[in-house]
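Presented below is the structure to which this report refers.
Bear in mind these aren't lab numbers, they're just calculated from the coordinates by the rules spelled out. Because the structure is predicted, anything quoted here is derived from the model rather than measured. We place every Cβ from the backbone using ideal geometry, glycine too, and count neighbours over all the protein chains shown.
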Amino acid sequence: MDALRVSLCIVGRIWRNLPIGGRVAEKFRLFVSNQQVAVFDPDLDSPFNEWRPRHVSQGFSWRAKSVSFRVPDGDMCLVEVLQGTDPTTLLGEPRRTIMAPFEVGKGSLTAVGSITEEINISVPGGVKYQLLFDLLPGGVDDDQPYDCAVRLKFVKHDDPVFEICKADDAMDTSLPIDLEAQPAS
């Protein structure tokens with residue numbers, strides 16, 4: 001199992017750097033609140049997760065149909081959504097890379113958002129995905145500054161796993177991963 005996790009982290013790095021083919025990445029600006037960017041089923045009544053101390057230190061909070069990733073202080077985030085082998089348009093080396101399972105229901109809409117704003121994206125439904133999250137540094141896109149960038153890559157996978165592939169100084173990888181988030185109240 002450890003070899004599979006390492007392979008997926010390595011494959012994720014390779015896929016991010018593919019210069020060919022695929023569709024154009026979906027990219028949008030997102031106003032971030034409560035230091036989180038979430039991916040969730042837009043039909044959930046309570047899509048955001050409660051953050052316990054371990055969730056904060058591991059950098060994400062997960063439950064079925066909802067995963068939230070912690071991002072640093074700042075208001076504006078540039079989000080890029082990729083599928084399969086789509087080439088990235090974002091530059092820079094990730095500070096954090098986290099993998100988490102994500103299953104899209106029968107519909108094809110998935111939401112990416114923060115507390116005050118969400119964007120619906122189209123991802124083929126009825127499929128299990130290995131969701132790769134990369135946190136990249138801030139910069140400028142189309143003459144507009146942003147505080148951080150987030151790359152989300154949906155890769156079809158029959159047996160997706162949880163893995164913290166790359167951690168920054170704000171994260172603690174010495175403890176077991178907590179996979180029991182509750183809906184935020």
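Summed over the stretch 69-89, residues that are more than 17 Å from residue 37 (Cα to Cα) and not β-branched (Val, Ile, Thr) total 4. If the condition is being within 19 Å of residue 161 (Cβ to Cβ) and either of a type in the set (Gly, Ala, Ser) or touching a Pro at 6+ places or on another chain (Cβ under 7 Å) (or both), then the stretch 50-72 contributes 59, 61, 64, 66, 68.
Among the listed residues 108, 185, 174, identify the single one that is over 17 Å from the mean Cα position of the chain (by Cα) and surrounded by 14 or more Cβ atoms within 10 Å (Cβ to Cβ).
Details: 185 fails: surrounded by 14 or more Cβ atoms within 10 Å (Cβ to Cβ); 174 fails: surrounded by 14 or more Cβ atoms within 10 Å (Cβ to Cβ).
Unique residue meeting the criteria: 108.
Here residue 126 meets the list (1) free of Cβ contacts under 8 Å to residues at least 40 places away in the same chain; (2) touching a Pro at 6+ places or on another chain (Cβ under 6 Å) almost entirely, failing just condition (2).
Consider the stretch 81-95 and keep the residues that are of a type in the set (A, V, I, L, M, F, W, C) and surrounded by 21 or more Cβ atoms within 10 Å (Cβ to Cβ). The one that is farthest from residue 121 (Cα to Cα) is 82. The set of residues from the stretch 41-69 being buried (at least 22 other Cβ atoms within 10 Å of the Cβ) and either in a strand (DSSP E or B) or in contact with a helix residue (DSSP H, G or I) (Cβ under 9 Å, 6 or more places away or on another chain) (or both) comprises 60, 61, 62, 67, 68, 69.
Scanning the stretch 91-129 for residues that are of a type in the set (Ser, Thr, Tyr) and over 20 Å from residue 171 (Cα atoms) turns up 108, 110, 114, 116, 122, 129.
Would you check if there is a residue in the stretch 152-165 being touching a Cys at 6+ places or on another chain (Cβ under 8 Å), more than 14 Å from residue 28 (Cα to Cα) and assigned to a strand (DSSP E or B)? Within the stretch 152-165 (the criterion being touching a Cys at 6+ places or on another chain (Cβ under 8 Å), more than 14 Å from residue 28 (Cα to Cα) and assigned to a strand (DSSP E or B)), the answer is yes, since at least one residue qualifies.
In this structure, is residue 28 more than 13 Å from the chain's Cα centre (by Cα) and farther than 30 Å from residue 176 by Cβ? Reasoning before the result, please.
Details: more than 13 Å from the chain's Cα centre (by Cα): yes; farther than 30 Å from residue 176 by Cβ: yes.
Criteria met by residue 28.
For the condition among the aliphatic types (A, V, I, L, M) and under 13 Å from the mean Cα position of the chain (by Cα), residue 99 qualifies.
Results for (1) surrounded by fewer than 15 Cβ atoms within 10 Å (Cβ to Cβ); (2) of a type outside the set (Ser, Thr, Tyr), shown as yes or no for each residue.
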| position | (1), (2) |
| --- | --- |
| 97 | no, no |
| 116 | yes, no |
| 124 | yes, yes |
| 130 | no, yes |
| 146 | no, no |
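Checking each residue in the stretch 86-143 for being charged (D, E, K, R), assigned to a loop (DSSP other than H, G, I, E, B) and in contact with a helix residue (DSSP H, G or I) (Cβ under 9 Å, 6 or more places away or on another chain) picks out only 86.
Can you tell me which residue within the stretch 70-85, out of those that are β-branched (Val, Ile, Thr) and outside any loop (DSSP other than H, G, I, E, B), is farthest from residue 28 (Cα to Cα)?
Restricting attention to the stretch 70-85, the residues satisfying the condition of being β-branched (Val, Ile, Thr) are 71, 79, 81, 85.
Of the ones still in play, those that are also outside any loop (DSSP other than H, G, I, E, B) are 79, 81.
Values: 79: 5, 81: 9 Å.
Only one residue tops the list, namely 81.
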